[in-house]
Amino acid sequence: MNMTDDELFDDELELLDDGADPQAGDDDAQTLYEHLRLEVDRGQVPLRIDKYLAEHTQHSSRNRIQQAADAGFLFVNDRPVKSNYKVRAGDVITLMLDRPHYDSTIVPEEMPLDVRYEDDQLMVVYKPAGLVVHPGCGNFHGTLVHAVAWHLRNLPTYDPNDPQVGLVHRIDKDTSGLLVVAKTPEAKSSLGKQFFNHDTHRSYVALVWGNITDDEGRIEGNIGRDQRDRLRMAVYPPGSDIGKPAVTHYRVLERYGYTTLVECRLETGRTHQIRAHMTHIGHPLFADERYGGCEIRRGERTASYKAYIQNCFKLCPRQALHAQTLGFRHPSTGQQMDFTSPLPDDMQALIDKWRKLTRNNDSGE
């Protein structure tokens, strides 16, 4: 897969969200299957296992690791341990789940792929809403990674199962927009460093609930797994030992009274960053079911307004978020490259509908 070992570790932990339970089932001892094995480095000083794994796996939250330990899935030297166990040099850590390991080998699948730019080093592709970026629990086929593998199937140097090439970053399934794919290890390394050092330019357009007071602002707060809902991310104070630092800048583009169209620019790229940050300041994304955006958060109590909102949800039945611009330096030439993707039809129709309502209200109709 086009993922590092730590990304794979987090994807394996996502199986917990499907209700895996080592205590469930018959009275007989349940068979557990090894999904991951890590050996602690030589010279490692004693350290809590949840902290050790969080520090050594870039994409795994400490909270999720604790959940795995509490569920009885985390083992050290073939014995289950709790999250406060202190690892030592030579310890062998294994993640054991109650289902066999799925073969995650990427096999190219013939699928439509919207390529916006391509050369011998990289591609910029457009991902429509509804398309999963990479394989994971419940989505082992038909992803963007499979489509890229098919597009590059005749390129001898591109192995879709080599983490040194492939997608450099991700966006959520129901977010539309631009992504960059590295064809070579050199390109992946260069682009990865640019993302890590915040040298890239990424901006999103979002429709959020409520009338944002300030014309622009900065949201800072660690993002980590919501301790009450594993499928959501939550915002924690900057400097907290929960989550990872995240900064989002926003700028108001248009106001519609009960909703606001904003541009969001990322300094960091955390899971659900914009969705969690905007919810944190009281302005969840419109139609974002996971974060409460599918409820009427602002507006009137009339039947006609409720019908209007339901029609809006039908026009854009997903979070109103679009990765509109992407900028980076070319890994070989150093040339600045900037790409823009117009709003997709569903978001454009949604925005037009709010614009019309605002005009009608202003004219007294």
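The values are calculated or read from the model by the stated rules, or taken from the named source; none is laboratory data. Please read all numbers here as calculations on a predicted model, not as lab measurements. A quick note on method: Cβ atoms are made from the backbone with ideal geometry, for glycine too, and the neighbour counts reach across all protein chains shown. In case anyone asks, the SASA skips ligands and DNA or RNA and just uses the protein heavy atoms, side chains included. Shrake-Rupley method; radii C 1.70, N 1.55, O 1.52, S 1.80 Å.
Can you name every residue in segment 108-150 that is in contact with a strand residue (DSSP E or B) (Cβ under 9 Å, 6 or more places away or on another chain), small (Gly, Ala, Ser) and open to solvent by 10 Å² or more (accessible area, probe 1.4 Å)?
Across segment 108-150, the qualifying residues are ALA129, GLY130.
Among the residues of segment 79-107, write down those that are at pLDDT 90 or above, open to solvent by 70 Å² or more (accessible area, probe 1.4 Å), touching a helix residue (DSSP H, G or I) at 6+ places or on another chain (Cβ under 9 Å) and assigned to a loop (DSSP other than H, G, I, E, B).
Those that are at pLDDT 90 or above, open to solvent by 70 Å² or more (accessible area, probe 1.4 Å), touching a helix residue (DSSP H, G or I) at 6+ places or on another chain (Cβ under 9 Å) and assigned to a loop (DSSP other than H, G, I, E, B): LYS82, ASN84, VAL107.
Since ASP159 meets every condition but one in (1) without any contact (Cβ under 8 Å) to a residue 12 or more places away in the chain; (2) open to solvent by less than 20 Å² (accessible area, probe 1.4 Å), which condition does it not meet?
Of (1) without any contact (Cβ under 8 Å) to a residue 12 or more places away in the chain; (2) open to solvent by less than 20 Å² (accessible area, probe 1.4 Å), only one is false for ASP159: (2).
Hey, any hits in segment 151-161 for a residue that's in contact with a strand residue (DSSP E or B) (Cβ under 6 Å, 6 or more places away or on another chain) and at pLDDT 95 or above?
No, segment 151-161 contains no residue that is in contact with a strand residue (DSSP E or B) (Cβ under 6 Å, 6 or more places away or on another chain) and at pLDDT 95 or above.
Is there any pair with a first residue in segment 206-225 that is closer than 30 Å to ASP50 by Cβ and a second that is of a type in the set (D, E, K, R) whose Cβ atoms are under 8 Å apart and which are 6 or more apart or on different chains, and what are they?
ASN222/LYS244; ILE223/LYS244; ILE223/ARG270; GLY224/ARG62; GLY224/LYS244; ARG225/ARG64; ARG225/ARG232
Restricted to segment 226-272, and to residues that are outside any strand (DSSP E or B) and among the hydroxyl-bearing types (Ser, Thr, Tyr), which residue is farthest from TYR305 (Cα to Cα)?
Selected residue: SER240.
Here is a yes/no grid of residues against (1) in contact with a Lys or Arg (Cβ under 7 Å, 6 or more places away or on another chain); (2) open to solvent by 20 Å² or more (accessible area, probe 1.4 Å):
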{"position": "ARG228", "(1), (2)": "no, yes"}
{"position": "PRO238", "(1), (2)": "no, yes"}
{"position": "ASP241", "(1), (2)": "no, yes"}
{"position": "ARG251", "(1), (2)": "no, yes"}
{"position": "THR260", "(1), (2)": "no, no"}
{"position": "ARG270", "(1), (2)": "yes, yes"}
{"position": "HIS277", "(1), (2)": "no, no"}
{"position": "ILE281", "(1), (2)": "no, yes"}
{"position": "ASP288", "(1), (2)": "yes, no"}
